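Have a look at the structure that comes next, please.
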Amino acid sequence: MYQGIRISGFGGQGIVSAGVLLAQAGLTEGKKASWFPSYGAEMRGGTANCSVVIASDEVYTPIVIAPDTVIVMNEPSLSKFEPLLKKGGLLIINSSLVNSKPQRTDIKILNVPCNEIAQKLGNVKVANLVALGAFAAAAQAVGIDAVAKAMKTVFKRATPEMLELNKKALEAGAKSI
């Protein structure tokens with residue numbers, strides 16, 4: 001099993017932390033995992049992204065050039081990362097912020113209103129977790145329970161209430177597909 005993932009959005013959407021969480025979830029399930037963030041102008045509102053690999057065998061490079069899954073959380077990410085997606089790959093779009101339609105017809109597309117779902121839960125900052133919940137349900141590279149368990153390791157300073165909200169966001173994302 002090999003799943004290469006690119007997660008992208010603007011700085012402040014929790015793109016990098018979503019990648020760390022996904023990699024940790026893979027490790028939680030006993031899989032091999034890597035995470036490779038992209039820093040730079042992204043921290044000032046530009047497009048941030050990271051590569052995550054979850055595999056049953058050794059991971060030889062953390063960079064995902066032709067991802068199996070792309071998660072786009074903002075408009076610029078769609079045009080930048082849709083072309084990289086493998087034929088037959090999965091494209092998860094935050095339809096709350098992305099108005100453009102994908103150009104490709106050889107991929108599976110899931111439109112998930114991540115921000116809208118997060119807002120209904122009471123905090124738009126969990127939109128990234130809504131996207132991860134949709135990913136976990138659709139790609140089945142890691143389970144929702146593994147992601148929830150990994151939160152305790154990745155978000156060490158989170159209050160029990162925040163962890164519960166995060167878990168609700170994961171579950172809402174999974175139910176949205």
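Since every read-out is calculated from the coordinates, none of them should be taken as a lab result. A quick note: this is a predicted structure, and the numbers were derived from the prediction, not measured. Cβ coordinates were reconstructed from backbone atoms using ideal geometry, including for glycine residues, and neighbour counts include every protein chain displayed.
Which loop-located chymotrypsin sites (Phe, Trp or Tyr not before Pro) does the stretch 1-101 contain, where loop means any DSSP state but H, G, I, E or B and the Cβ has at most 14 other Cβ atoms within 10 Å?
Filter output for the stretch 1-101: Tyr39, Tyr60.
Something else: Starting from the 7 Å offset along Cα-to-Cβ, what nm value, one decimal, do you get for the label separation of Ser95 and Leu163?
Placing both labels 7 Å beyond Cα along the Cβ direction yields 3.3 nm.
Would you calculate the separation in nanometres between label points at Gln140 and Ser79, each defined as 7 Å from the Cα along the Cα-to-beta-carbon direction?
Between Gln140 and Ser79, the label points sit 3.7 nm apart.
What FRET efficiency do you get for Lys149 and Ile63 if R0 is 41 Å and r is their Cβ-Cβ distance, rounded to the nearest 0.05?
0.95
Let me ask something additional. Could you tally the net charge around Ser56, taking each other residue with its Cβ under 13 Å from the Cβ of Ser56, Lys/Arg +1 and Asp/Glu -1?
Once positives and negatives cancel, what remains is -1.
Applying 1/(1 + (r/R0)^6) with R0 = 22 Å to the Cβ-Cβ distance of Lys87 and Tyr2, what FRET efficiency is obtained, to the nearest 0.05?
FRET efficiency, Lys87 to Tyr2: 0.90.
Just to be sure I understand the model, the point goes 7 Å from the Cα along the line to the Cβ. What's the resulting Ile109 to Lys125 distance in nm?
3.3
I need the phi-derived Karplus couplings for the stretch 156-166: 6.51 cos²θ - 1.76 cosθ + 1.60, θ = phi - 60°, integer Hz, Gly and Pro marked x.
Taking θ as phi minus 60°, the curve returns 4, 8, 6, 6, x, 5, 5, 4, 5, 4, 4 Hz for the stretch 156-166.
Among the trypsin sites (Lys or Arg not before Pro) within the stretch 132-170, which fall in a DSSP loop and have no more than 11 other Cβ atoms within 10 Å of their own Cβ?
Lys156, Arg157
Now, a different point. Can you give the relative contact order of the chain as a percent, counting alpha carbon pairs under 8 Å and 6+ residues apart?
After rounding, I find 22 percent.
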